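Notes for the one structure printed next.
Derivation of every value follows stated rules applied to the coordinates shown; laboratory data play no part. Since we're looking at a predicted model, the values are computed, not measured.
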Amino acid sequence: MTTTTSTTRAVRAASSRAVATTGRRGRGRRATRSVETRARDDDGKADWEYDLFPGDARAARRRSSVETSSSSSSSSSVSCARASTWTRRGALASTVALTTAWGRAADADGDADAPPPNYALPGPYRVRVLPQLEHTCAMCFPACTGLSCLSRIKVYVPRVEVLPDALFPLGRAASSTFSALTSNSANEDDRGGAPYPVAIITPGFLIDGDAYASIARRLCSWGYVVVTYTKTESVAGGTLDDEVSAAILDDLISWVGSDVLISPYADASSVYLLGHSRGGKISMLQATRDDRVKAVCLLDPVDNTVYAPLGVGYPSALAAMKVNPSAIPPVAIVGGVNGGECAPPESNYAEFFAASPSGAVSQDHPPWGVSCGAGHFDFIDEATFVQKVICPDGTIDASATRDLSAAVAVAHGERVFRPQGIADSILLDRTLASLRSQWTDRDTDFSSVRLL
């Protein structure tokens, strides 16, 4: 008997038992329920969708639109509510049974036919955004005092819903599947895969942390607690030097691991640092000093320039990388070739890639470097008028730049924190191939994307 036959029989048997249960508990009512779930953002708008069986999405929607009601009209409102509850529970039991049977069959088949995850797409988790928080860096005193030590923080937490792992093989224990499907507690749902790795995005000079919300959401959808933050600084009110900024980042990592609201979900010993522009430099400075940092992704990073020359409080991240390459965690870099004076050639992404360790000191993950026709501020969600005037525009759509950055950031994080046994070069090639297909569908030129 072939594996396909055994799989089909197992699923049919589980479906029959579940339908029978639904019939008894529903007191003769028949209900169909869509296996499609929709993720929504804080405003209730749809972000993206996932299906139990993606290939049968249309059929599932057709089935879900044909709902039959009970012929009995004399039941009381209380009994109707009870019957509806039992019907929903029966439908849920059907889903659990199908999932369990399919998972067992997939395990028996060795998951040989399971497609590899596509990191160029949103991940299987829904995204929950916590209310804005504030934190003062106490360890930064006296380098900064008062409000200058205050950061406004936004935290994105993965939220587990019905069958969140649709992009992966469905082999799961029945008890854990049923628990994830039936939990009424938002906290329990969020902790389904906790603790998650912590990804902290450090913004560029005088850029708000919310400017990286699209990348934060994409990372969170793949199972990362993502932290964005905005320091209290301005041109008029004073700015913080790089050493103080690195100290704020160091304190932020410790705070995530101790905060009563965040720590149940976050693994502060597995930290992923991302940074754009000056934030890339600060992320790398911290990465070379902190064993908790396991991976770093730099988005058009900039080292010392004429605007922030080498000096007290402004060390060179490139020099730190060259002094102690063994201290550098695995690196991924995405750069824009149209950085202009905002990212001069002597201190831009190409220099960071050249300083990244390879071979034995690369911790089994050689550095990734990707360039594209982006401008320096194409990496943020929406550039201001002043930013557009200061730095040149890119030759590709800014949304494509953000898609490329998010895809590389996710793929890099997954190769470090959740390796799939796929060679790094193949993983990157697959991710870029998926992006190329997406860009072709929307008539976006992919020719500017190059490997470093």
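What lysines could a cross-link reach from Lys154, if we take a straight Cα to Cα line under 24 Å and drop same-chain neighbours fewer than 8 places away? Within reach: Lys45, Lys231, Lys281, Lys294. Close amide H pairs (under 5 Å, H built 1.01 Å from N) link Ala343 with no residue at least 5 positions away or on another chain.
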